[in-house]
Amino acid sequence: MVTGSVSNISCASRILQEADTKTGLDTQGFYMDVELDLQRSVQAVLRELSAQTPALQRNQDVELDLQRSVQAVLRELSAQTPALQRNQGMWRWSLHKKVERDPGKSPALVRILLRELEKAEREDERHVIIPLLHTLMYVLTKATGITEELYRRTYAFCMRLLTLPAPYCTVALDCAIRLKTEQAVPGTLYQRLVIAEQNLRSELYPYQERVFLFVDPELVSPSVCSALLLEIEAAQVQQTPEACMRYVVSHALQVALGEACHMSALQRKLQASPRRALEHYFHAVVAATEQMAGETSPSREGHLERLEEIYCSLLGPAAAARGRCSAPNILMPCSWDGPLGLHQRTGRPSGNWGLLPGVSRLHTARVLVLGDDRMLGRLAQAYHSLRKRETQMFCLTPRLSLQLYYIPVLTPEKPASSRHLELGELAAFLGRADPWYESTINTLSPAIHKLAEMPPSLGTSRTVDPFILDVITYYVRMGTQPIYFQIYTVKIFFSDLSQDSSEDIFLTELKVKIQDSKFPKDGFSPRRRGMAEGPGAELSICYQKVSGTGIVRSSKAHSLPPIVAPLTDHMCLNVSVIEVVKSSNLAGRSFSTVTNTFRTANIQIQSQDQRLLTLLLDKDNRRTFRDVIRFEVVRCPEPCSGIQKSKALWLSSHQKKEMERTKAMPKPLLMPINTFSGIVQ
């Protein structure tokens, strides 16, 4: 096309020269100058196009590569083939790694994710909306160069989701709030994330967060514990308070000034600054951002002026901005991606305990447990003990938001192993309830064991890409929607009348075994004459069904051990009793079994003959009770808390009467485990 234009210029010049010959005018020199000028202009355009073509091609290649990665994540969410299911969780991680290594790709990835979200909305593919939205927000929080148009489209999309049922509207509202904050003052989310996670002190943003990782070495192999420890130690070496303050300052200035910000010079200056000077710049940037975020009508121009002053004080007057870019596209080459933070981002007061009026929680404890159902049983014990202790001391509740997270780590066994499946029942339930939890967290256990078996590399950094901590970080940041599980209390009575009854709690399962030994002669229940020998034991079972008329049912049956498990429906007990049916014929006496299952809120079981029972709580051999003759299972009530007593000081007389009325019906104690979406219907 350009070559043709040059030829046309030469042809036009010849026509003009012929016209001059006919008219007798000597303008040949003039037209030759015009032709040369035009040719030089065209050549300049050609050179500019030639210089831009590789850059345009690179941008297209980047978008195509990111698009392929996003499509892989989408295929993973609908994967039915074992080949794709084996790679679940890795696609999301590799996608985020691409923008971490090259932050300049972040705006392109945000555009692609938003385009896929809008497509899913049009085609009503709801199963991909929450995973894509979490992925977008995770990238957007740390990105720079995001245009106003992308912010507006993303916010508008979240607002449209508010018309959908939970959990879509719940997740969308949380994202919309954060987007509104970020759009008003770009860089706020990243700044608050680093301050809270790394426990940097700031009077203007006093929120602090910490993650507590619990691993039982008796349930998790030493190699897995060592792999986790190596990643944590390597992460802590990199994330010093000075480094985190440099991240905050450079990110805020880059977001505000765009292309006018000389990142290489700025980073050199920050690297060379002593601790006292670095703290001064850090507090100045935080003050500028938080003051604007707190204004009812924030002035973007005034905010930019304050940050320009900080920038000039760092690099001197000669480095004053040469002009502001409305859509900055320069990105920090050494961006911080928090495998070491292991915390969340907003610092907003949250949690599941009651708050006193006017009290705001400034601290968040994120408790992450690794293990199987046995570990969750111990977590439930600790949670119940903490809540009970708070009713007496009342010291943590007003100050601390407690968030619970769970990553299943099962011992590597054959997939068909019944024991392997048995110990991962709660993880399987969470995966069915939240497909993104299934894809991102439930697939982590095999990867953890593979990484634990790899020998540590010598002579290089111990963890080049800390996969385990990267996934943990993503989970504790984006897993904001809890699923609540009912905790149950079991009261246990023993055959020895001199032994006091015992009380314990369980979360996943209570299993009953029949002991070989019988009551002593002076025991509680002497054996009746004429009782036929056979498998199992005669049990008296009294329960109230959840569904139906609510009639209390009592039955006696010669049964094998029942199993009481609240897993299938996480808010009620699911009881399975194997009844022994005796029959006699010419061949002699025979026994057959029939399995009866029902759902109930409470149950009482007592041995009617001389057979003693053994109880096993939450599949944990260390929580075994022997020589049991009777036990009762009920929903564990919410501990009678001093919160209500303290709240009563601020309540009206009508509210106090309402509180007295509800005392007769105590609320059940529920333990929340955070997921990405909660229960997706």
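The values are calculated or read from the model by the stated rules, or taken from the named source; none is laboratory data. Since the model is a prediction, treat every value here as computed from it, not as a measurement. Every residue, glycine among them, receives a Cβ derived from its backbone with ideal geometry; neighbour counts consider all protein chains shown. The accessibility values were calculated without ligands, DNA or RNA, using every heavy atom of the protein model including side chains. Shrake-Rupley method; radii C 1.70, N 1.55, O 1.52, S 1.80 Å.
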key: region 124-144 residues near the modelled ARG75 label - backbone nitrogen below 12 Å, point 7 Å along Cα→Cβ   = none
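What is the dipole size for region 183-297, taken about its Cα centre, with +1 at each Lys and Arg Cβ and -1 at each Asp and Glu Cβ, in debye to the nearest 20? Walk me through the numbers before you get to the answer.
Values: 8 positive and 12 negative charges, 109 e Å.
Using only the charged Cβ atoms, the result is roughly 520 debye.
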message = Rounded to the nearest percent, how much of the accessible area of region 104-240 (1.4 Å probe, protein heavy atoms only) is carbon and sulfur?
response = 56 percent
Distance in nm between pseudo-label sites at THR296 and SER221 (7 Å out along the Cβ direction from Cα) = 6.2 nm
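Classify region 169-285 as rounded, prolate or oblate, taking a ≥ b ≥ c as the square roots of the eigenvalues of its Cα gyration tensor: rounded when a/c is under 1.5, otherwise prolate if a/b is larger than b/c and oblate if not.
Working: a/c = 2.31, a/b = 1.38, b/c = 1.67.
Because a/c hits 1.5 or more and a/b fails to exceed b/c, region 169-285 counts as oblate.
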message = Can you work out the Karplus-derived ³J(HN,Hα) for every residue in region 616-630? Use 6.51 cos²θ - 1.76 cosθ + 1.60 with θ = phi - 60°, whole Hz, and x for glycine or proline.
response = 10, 9, 6, 6, 9, 4, 7, 10, 10, 10, 10, 6, 9, 10, 7
key: region 122-159: chymotrypsin sites (Phe, Trp or Tyr not before Pro) in DSSP coil with no more than 13 other Cβ atoms inside 10 Å   = none
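On a 23 Å Cα-Cα criterion, which of the cross-link pairs LYS97/LYS180; LYS450/LYS619; LYS388/LYS545; LYS105/LYS142; LYS513/LYS619 come out too long?
On the way: LYS97/LYS180 26 Å; LYS450/LYS619 26 Å; LYS388/LYS545 29 Å; LYS105/LYS142 12 Å; LYS513/LYS619 12 Å.
Checking Cα-Cα distances, LYS97/LYS180; LYS450/LYS619; LYS388/LYS545 exceed 23 Å.
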query = Summing Lys, Arg as +1 and Asp, Glu as -1, what charge do residues with Cβ under 13 Å from the Cβ of PRO435 carry, PRO435 excluded?
reply = -1
